[in-house]
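The block underneath contains the structure these notes are about, expressed in structure tokens.
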Amino acid sequence: MIKKIVGIVAGYIAMSVALFAMFSLLYTILGTTGAFQEGSYFVSNVWLILGFIVFFCAAALAGFVAVLIAGEPKAATWMGAVILALGIVIAISQIAGAPASTVREAADVPLIDAMNLAQNPVWAIFLNPLIGFAGAIFGGRLRK
């Protein structure tokens, strides 16, 4: 049981680090104009699609790490459940704490500001935890 908990915690940490690194790289590549719709903080369709792929890959890493450390395939299911549960809580808090203004006046937005001000569609906010669950299961199956 301890190995499973350590695996899940390590998997979540690995996913968090991977998400920060991959989204930072993605924002560097796309820039403000590629990441946001014109004149707003609503994310672009390109950002949404690539973001789903990034989240799936990071969750797959989490599932892989969880199974690797726990030594049992069921750890991926537990990892996915944690991603799903925390994702729903985060989604609700994102909706509740949405900024009042979505108008973007600056041509270039620094990375940290972009992370804080980005607005995703509500459906995408709730789709991410499901993608994370599937990614964790997939990643867990990579470790035989």
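Connecting C-alpha atoms closer than 10 Å in a GNM of the chain, tell me which of 76, 96, 66 has the biggest fluctuation.
96
Karplus couplings for the stretch 64-75 from phi (6.51 cos²θ - 1.76 cosθ + 1.60, θ = phi - 60°), rounded to Hz, Gly and Pro as x?
4, 5, 4, 5, 4, 6, 6, x, 9, x, 5, 4
What angle, in degrees between 0 and 90 and rounded to the nearest 10, separates the Cα long axis of helix 122-142 from the longest principal axis of the Cα atoms of the chain?
It is inclined by approximately 30 degrees.
Using the basic label-point model (7 angstrom from Cα toward the beta carbon), what is the residue 3 to residue 113 distance in nanometres?
5.0 nm
Just to be sure I understand the model, the point goes 7 Å from the Cα along the line to the Cβ. What's the resulting residue 28 to residue 81 distance in nm?
The two pseudo-label positions are separated by 3.8 nm.
Quick check on the chain: helices-only [θ] at 222 nm, where DSSP H runs of length 4 and up contribute -39,500 (n - 2.57) each and the sum goes over total residues. Nearest 500, please.
It lands at -27000 deg cm²/dmol.
Roughly how many percent of the accessible protein surface of the chain is carbon and sulfur, given a 1.4 Å probe and a whole-percent answer?
The value for the chain is 72 percent carbon and sulfur by accessible area.
Under a crude label model (7 Å from the Cα following the beta-carbon direction), how far is residue 124 from residue 72 in nanometres?
3.9 nm
Ordered by residue, what ³J(HN,Hα) values in Hz, to whole numbers, does the stretch 13-30 give under the Karplus form 6.51 cos²θ - 1.76 cosθ + 1.60, where θ = phi - 60° and Gly and Pro are x?
Ordered by residue, 3J(HN,Hα) equals 5, 4, 5, 4, 5, 5, 4, 4, 5, 5, 5, 5, 5, 4, 5, 5, 6, 7 Hz.
With every protein chain kept in place and ligands, DNA and RNA left out, what is the accessible area per residue of the chain? Probe 1.4 Å, answer in Å².
56 Å²
The values are calculated or read from the model by the stated rules, or taken from the named source; none is laboratory data. Small disclaimer: the values here were computed from a predicted structure and weren't measured. Using ideal geometry, Cβ is built from the backbone for each residue, glycine included, and neighbour counts are taken over all protein chains shown. When the accessible area is computed, the model is the full protein with side chains, heavy atoms only, and any ligands, DNA or RNA have been set aside. Shrake-Rupley method; radii C 1.70, N 1.55, O 1.52, S 1.80 Å.
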